[in-house]
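> I'd like to ask you about the structure that follows.
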Amino acid sequence: MKLHEYQSKTIFSKYGIPIPKGRVAATADEAKQIAEELGGRVVIKSQVLVGGRGKAGGVKLAKDSAEAEQLATQILGMEIKGLPVRKVLVDEASAIDQEIYFAITDDRAAKKPVMIASAAGGIDIEEVAAKTPEKIIKVHIDPLLGLREYQARDVAVAIDLPREYWKDFVKIAMGLWEVYKNSDATLAEINPLVITKDKKMIALDGKMMIDDNALFRQPNLTELRDTDEDAPSEIEARKYGLSFIKLDGNIGCMVNGAGLAMTSMDVIKLFGGEPANFLDVGGGASSEKVAAAMRIILTDPSVKAILFNIFGGITRCDEVARGILAAMEEVKPKVPMVVRLVGTNAEEGRRLLENANMITAETLADAAKKSVEAAKKGS
Ligand code: GDP
Ligand code: MN
């Protein structure tokens with residue numbers, strides 16, 4: 001789950017990381033009023049869950065509250081990378097001397113958190129990473145010991161930060177580590193972390209990603225979820241406890257178990273098809289859950305066939321078959337459906353589906369091949 005800039009910076013600030021004064025606004029009128037409160041010179045920042053807002057024209061400086069209102073009107077009418085701007089953050093403008101990149105994120109390969117820093121922060125950080133990777137400093141953090149102050153100082157030295165800022169930087173780094181750890185974040189990023197002309201170090205931008213698997217113990221963060229920006233099918237799936245990710249292909253997949261779901265997608269691709277989604281209905285999937293999953297798959301108009309690959313263990317195949325039948329009653333699917341049922345109560349499951357006009361398959365390869373053929377015919 002991604003957090004908005006204003007949400008991330010509010011969290012940063014609770015951990016002692018300096019942020020600009022500011023508030024979020026949903027109308028140009030509000031933006032004007034906030035600008036007045038802040039003394040006129042402000043920056044108007046679109047709040048959408050994508051990067052590169054600056055380059056897309058979604059971050060603009062205003063010299064007074066009248067211009068703030070005008071720019072807010074303009075930015076609130078924008079779409080950035082397909083996302084409509086519904087809110088803007090109105091922050092006191094800073095006079096910038098230097099832009100630093102600083103983040104803590106997961107390094108999956110190293111199985112450790114890692115600090116990433118660069119003296120060349122700002123909107124071109126991707127280009128810096130691609131063209132001059134030596135300008136990006138990485139220091140791993142031992143998850144049991146946590147971030148040590150000397151490591152933060154090492155980073156300050158490595159990015160040639162003047163000595164007078166070391167203390168501030170260490171404090172910000174330690175704060176960001178606490179943010180990352182206590183929020184179950186997979187990313188806590190400040191880009192840019194600026195040094196202002198009056199020699200202050202401030203987090204001008206903020207970005208956080210939270211591990212979805214930890215949300216059960218992060219009720220305060222879960223509340224911050226902005227469902228406006230999720231695919232409606234993903235929101236619906238979450239309601240039923242289904243792991244669902246929409247993809248670009250045309251073969252809908254309903255599988256129990258994440259590993260089996262990944263394998264099914266691979267085998268579909270092996271036979272020249274493209275999956276329309278990842279879906280793990282989970283262990284012991286009830287018929288209601290299966291019905292919900294089928295409804296969700298079928299709301300995608302590009303789906304031309306559905307592959308059911310069920311390996312019955314805790315999940316009982318007869319229960320899944322009942323779910324499929326219930327869903328068919330309700331949604332009356334027009335696309336061909338290929339089903340492979342093996343394991344617990346598979347025979348009963350197959351018998352239940354005998355008259356359901358489905359294509360049956362014995363093996364996963366067979367099922368994948370048949371669904372690729374069916375999808376080709378259908379499109
Ligand atoms: P992003 O493009 O989505 O990463 O949005 P940022 O919040 O990082 O803003 C993009 C760029 O706008 C920053 O790198 C700065 O160069 C500039 N910017 C943002 N806020 C201010 C500000 O208060 N004053 C000045 N002078 N520039 C700013
Ligand atoms: Mn940024």
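> Within the range 298-321, identify whether any single residue is open to solvent by less than 10 Å² (accessible area, probe 1.4 Å) and among the acidic types (D, E), and answer yes or no.
Yes, some residue in the range 298-321 is open to solvent by less than 10 Å² (accessible area, probe 1.4 Å) and among the acidic types (D, E).
> Next question. When only residues in the range 202-238 that are more than 16 Å from ligand 2 (Cβ to nearest atom) and aliphatic (A, V, I, L, M) count, which is farthest from P20 (Cα to Cα)? I'd like the intermediate steps shown before the answer.
The initial filter retains those residues of the range 202-238 that are more than 16 Å from ligand 2 (Cβ to nearest atom), namely 210-238.
So of that shortlist, the ones also aliphatic (A, V, I, L, M) come out as 210, 214-215, 221, 224, 231, 235, 237.
Working: I210: 23, A214: 29, L215: 28, L221: 22, L224: 21, A231: 32, I235: 33, A237: 38 Å.
So, considering only residues that are more than 16 Å from ligand 2 (Cβ to nearest atom) and aliphatic (A, V, I, L, M), the one farthest from P20 (Cα to Cα) is A237.
> Go through the residues of the range 73-86 one by one and say whether even a single one is out of contact with any helix residue (DSSP H, G or I) (no Cβ under 7 Å at 6 or more places or on another chain), more than 30 Å from K181 (Cβ to Cβ), in contact (Cβ under 8 Å) with a residue 40 or more places away in the chain and away from ligand 1 (no atom under 16 Å from the Cβ).
Scanning the range 73-86, I find no residue that is out of contact with any helix residue (DSSP H, G or I) (no Cβ under 7 Å at 6 or more places or on another chain), more than 30 Å from K181 (Cβ to Cβ), in contact (Cβ under 8 Å) with a residue 40 or more places away in the chain and away from ligand 1 (no atom under 16 Å from the Cβ), so the answer is no.
> Moving on. Considering the range 24-55 alone, what residues qualify as being small (G, A, S), closer than 29 Å to D124 by Cα and assigned to a loop (DSSP other than H, G, I, E, B)?
Passing the criteria: A26, G40, G51, G52, G54.
Here is a yes/no grid of residues against (1) away from ligand 1 (no atom under 16 Å from the Cβ); (2) closer than 16 Å to I116 by Cβ; (3) within 18 Å of the chain's Cα centre (by Cα):
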| site | (1), (2), (3) |
| --- | --- |
| V155 | yes, yes, no |
| I159 | yes, yes, no |
| R163 | yes, no, no |
| K167 | yes, no, no |
| S183 | yes, no, yes |
| P192 | no, yes, no |
| I202 | no, no, no |
| P219 | yes, no, yes |
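> Just to be sure I understand the filter: pairs with C-beta atoms under 7 Å, separated by 6 or more residues or on different chains, first member in the range 113-134 and more than 15 Å from A203 (Cβ to Cβ), second member within 16 Å of ligand 2 (Cβ to nearest atom) and open to solvent by 50 Å² or more (accessible area, probe 1.4 Å). Which pairs pass?
Matching pairs, first to second residue: I123/K55.
The values are calculated or read from the model by the stated rules, or taken from the named source; none is laboratory data. Bear in mind the structure is a predicted one, so any value in this text is a computation, not a measurement. Glycine gets a Cβ as well: all are built from the backbone with ideal geometry, and neighbour counts include every protein chain shown. For the accessible areas, the whole protein counts, side chains as well, though only heavy atoms, and no ligand, DNA or RNA atoms are used. Shrake-Rupley method; radii C 1.70, N 1.55, O 1.52, S 1.80 Å.
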